[in-house]
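Read the structure below first, then the notes.
Computed from the coordinates by the stated procedures, all read-outs in this text should not be read as laboratory data. On a predicted model such as this, the values are computed, not experimentally measured, just so you know. So basically every Cβ, Gly included, is an ideal-geometry build from the backbone, and we count neighbours across all protein chains shown.
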């Protein structure tokens, strides 16, 4: 491992820790009604943990495919913002631009942003992004095969596990007062509207609230400068 740079070592460590969540996603995806290969395709093509858990959470709760897709899309809006940062750091061209877009996620941006050296930014981004991509997809398959063998999700108490897994993925990212306030308000909205709207709509409304508050806070911060 001596031949790896510090950023690459961090990226691989983050990749291993995050990739293991793929087991939870794979198992919960088939419990929510997807086939093994549908779960694997979702990880391969969508490849953003928060959106994937939102998608199967809505499906598992009885929501429609449209509601699940909308919820996943709203949760994934942050990746578009990350894309601006990644493009400025990497300035990729050709096929690298397509590859960079696919692995522009929380983890790759976090590792790349942890250094001020341009070369290390690129090394950290690719190490984290590719490590998460490979391991997330591998462990999705493992989890999907395991989940497929479990049978009835209610018999194992797994019908609410997608929510717990989503929270486990989200909680470490709530650093600072503003993200916690947004998370709490989104949770309140979900609890209030859940009894009166169709399945899948509460998470969509919560995502709209979170995005709206984030935009408002960003504008307020710019005006204060």
**Complete:** Within the stretch 102-140, the residues whose backbone N lies under 18 Å from a label point placed 7 Å from the Cα of residue 17 along the Cα-to-Cβ direction are 105-115, 124-136
**Message:** Output needed for the stretch 1-58: three equivalent-ellipsoid semi-axes, defined as square roots of 5 times the C-alpha gyration tensor eigenvalues, in descending order, whole Å.
**Reply:** 29, 10, 9
**Message:** Compute the distance from the alpha-carbon center of the stretch 93-150 to that of the stretch 3-18, in whole Å.
**Reply:** 11
**Fill in**
The computed P(r) of the stretch 1-134 puts the percent of Cα pairs beyond 22 Å at 40
